[in-house]
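Working notes for the structure below.
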Amino acid sequence: MSDPMDVLAPEHRRLRIGDSWRDAASGATFAVEDPATGTTVAEVADAGVADGLAALDAASRAAAQWAATPPRKRSELLTATYRALTDRSEEVARLITLEMGKPLAEARAEVAYGAEFFRWFAEEAVRVEGRYSTAPAGGYRILTVPKPVGPCVFVTPWNFPLAMGARKIAPALAAGCTTVTKPAAQTPLTMLLLARIMEEVGVPAGVVNVVTTRRAGEVVSALLADTRTRKVSFTGSTEVGRVLLRQAADNVLRTSMELGGNAALIVCADADLDVALRGALVAKMRNIGESCIAANRIYVEEPVREEFTKRFTERMGALVVGRGFDDGVDVGALIDGPSVAKLDDLVADAVGRGARVLVGGVRPDGPGHFYPPTVLVDVPDDARMLREEIFGPVAPIIGFTSDDEVMAKANDTEHGLVGYVFTRDLQRALRFAEGLQTGMIGVNRGLISDPSAPFGGVKQSGIGKEGSHEGILEYLDVTYAAIDLP
Ligand code: NAP
């Protein structure tokens, strides 16, 4: 196998600021690790505050010209990015697997998903419209004009190193905004490759800037304190989201927050069990369970609980754990040691409160950060894993006897990102769709992410939407002109 790092030349493992690729002002670098082996695969620049502000300089210098670039031209550059990502899918996927650990097949799916945001927003770029209307009292006209909000700061997580950035960069560029992205320190390489690809397809200098750093707090707070920044979009934990919301308040920034989840997946007794099993497996295990929309709590109605549990446990036990590059691997490495330790703690806590482990539950020896697919039953309501985001391949199954009971349990969380329900009864499905306090719901489906649908949570899972037509509105300010016409 050729080295997946070959795709990113050493000069592009540096900061992308304006038209340059440069070292951090301090010359500092930090190591990026392959989570499957624990070995260092690259060193990247470790930006400080001055570097972050240099990236913002570049974004604000480019802002007026990019906003004035014809939408069709912006659209063509997004389409070119979509094509380049699609043509180079394999190299991008291998870099994702290298730095993040997911199986190659899932990395390829992420490239397809991430690329699709560029295609979708290439189509949206030319459909931004205002309105012209007569004031209700007569005498004048109302003209509305959407305008780009201005330079945006993006902070992204490690679990989808390409897609979480693509969801922000594509609509921002479509709307006419310039950007500074700070990817997660554990997975900075894919975002650097995206910036390189966008340079190659001709996106003008200063429109896409990328700042890698180990000092996220310092660098991002300096960017948010600078009045040239007009918007912050963050994907990550609710805890950090709260910090950024507080910082954004000082500058009254537009904010989009894609935060944590604690999804309930509900299997009703009337469900098609094959469909429910398939859906539960993908909702739990996609991305090794390291997904904000992962099924955190699986509630199964009593008449089918035993059969569902038996078949789900068999399927979980048959999944192959290993390095993402190896053939036939279903479950790759987790991102780091603390993530594995957290799963161990959550399982020990549940078992201490009376839960039983049906499969998995024991971390393997050896290098890399692996944890086996794990199923628990008899998990009491006060177990930590029902209240916290598990973020790994651990599935608690809980029985229920009435819709009111399970709805109340599902909603008993500060989170409100997504829920899943499996039933063949349309009215029941609609009652859950309306009653679950979430921004999204999968009905007889475990996979809901789609660039053409508005992704986002309610409650403490976030503010705003990514994807769909709503996605571009996050990057537009509507101004209005009152035009006298007696
Ligand atoms: P995280 O710890 O919140 O980190 C996310 C990003 O924020 C990283 O780039 C991180 O930089 C940065 N960061 C950390 N502390 C910061 C601070 N004080 N100021 C500014 N930036 C800071 O989350 P994570 O562990 O990477 O990702 C997992 C979380 O993301 C989960 O809760 C998951 O549910 C959520 N998520 C949500 C969605 C959604 O769409 N709702 C999608 C994916 C993931 P460093 O890497 O340098 O720490």
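The conditions of being crowded, with 18+ Cβ neighbours inside 10 Å, modelled with pLDDT of 95 or more and away from the ligand (no atom under 16 Å from the Cβ) are not met by GLY241. Scanning region 6-26 for residues that are outside any loop (DSSP other than H, G, I, E, B) and under 18 Å from LEU85 (Cβ atoms) yields ASP6, VAL7, HIS12, ARG16. Touching a Cys at 6+ places or on another chain (Cβ under 9 Å) and open to solvent by 10 Å² or more (accessible area, probe 1.4 Å): is that true of ARG230 in this structure? Yes; evaluated as a whole, the condition is true for this residue.
Here is the figure for region 197-224: residues that are within 12 Å of the ligand (Cβ to nearest atom), open to solvent by 10 Å² or more (accessible area, probe 1.4 Å) and either assigned to a helix (DSSP H, G or I) or in contact with a Leu (Cβ under 7 Å, 6 or more places away or on another chain) (or both) total 5.
For region 225-238, name all the residues that are in contact with a Pro (Cβ under 7 Å, 6 or more places away or on another chain) and within 7 Å of the ligand (Cβ to nearest atom).
Selection gives THR235, GLY236.
In region 318-341, the count of residues that are free of Cβ contacts under 8 Å to residues at least 60 places away in the same chain, in a helix (DSSP H, G or I), open to solvent by 10 Å² or more (accessible area, probe 1.4 Å) and more than 26 Å from PHE234 (Cβ to Cβ) is one or more. In region 441-455, the residue that is nearest to the ligand (Cβ to nearest atom) out of those that are of a type in the set (S, T, N, Q) and surrounded by 15 or more Cβ atoms within 10 Å (Cβ to Cβ) is SER449.
Assess whether GLY352 counts as being without any contact (Cβ under 8 Å) to a residue 12 or more places away in the chain, closer than 25 Å to ARG315 by Cβ and open to solvent by 30 Å² or more (accessible area, probe 1.4 Å). No.
Yes or no, residue by residue, for (1) at pLDDT 95 or above; (2) in the same structural domain as CYS292 (by the TED database); (3) open to solvent by less than 40 Å² (accessible area, probe 1.4 Å); (4) of a type outside the set (A, V, I, L, M):
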residue	(1), (2), (3), (4)
THR401	yes, yes, no, yes
VAL406	yes, yes, yes, no
LYS409	yes, yes, no, yes
THR413	yes, yes, yes, yes
TYR420	yes, yes, yes, yes
ARG431	yes, yes, no, yes
GLY439	yes, yes, yes, yes
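Quick check on my filter: what residues within region 169-196 are within 24 Å of ASP336 (Cβ to Cβ) and either assigned to a helix (DSSP H, G or I) or free of Cβ contacts under 8 Å to residues at least 60 places away in the same chain (or both)?
Listed by number, the residues that qualify are THR181, PRO183, ALA184, LEU189, THR190, MET191, LEU192, LEU193, LEU194.
If the condition is being within 22 Å of the chain's Cα centre (by Cα) and outside any loop (DSSP other than H, G, I, E, B), then region 359-401 contributes MET385, LEU386, ARG387, VAL394, ALA395.
The values are calculated or read from the model by the stated rules, or taken from the named source; none is laboratory data. All figures in this text were calculated on a predicted structure; none of them were measured in a lab. Positions of Cβ are generated from backbone atoms using ideal geometry, with glycine treated the same way; all protein chains shown enter the neighbour counts. To get the accessible areas, we keep the full protein, side chains included, count just its heavy atoms, and leave off ligands, DNA and RNA. Shrake-Rupley method; radii C 1.70, N 1.55, O 1.52, S 1.80 Å.
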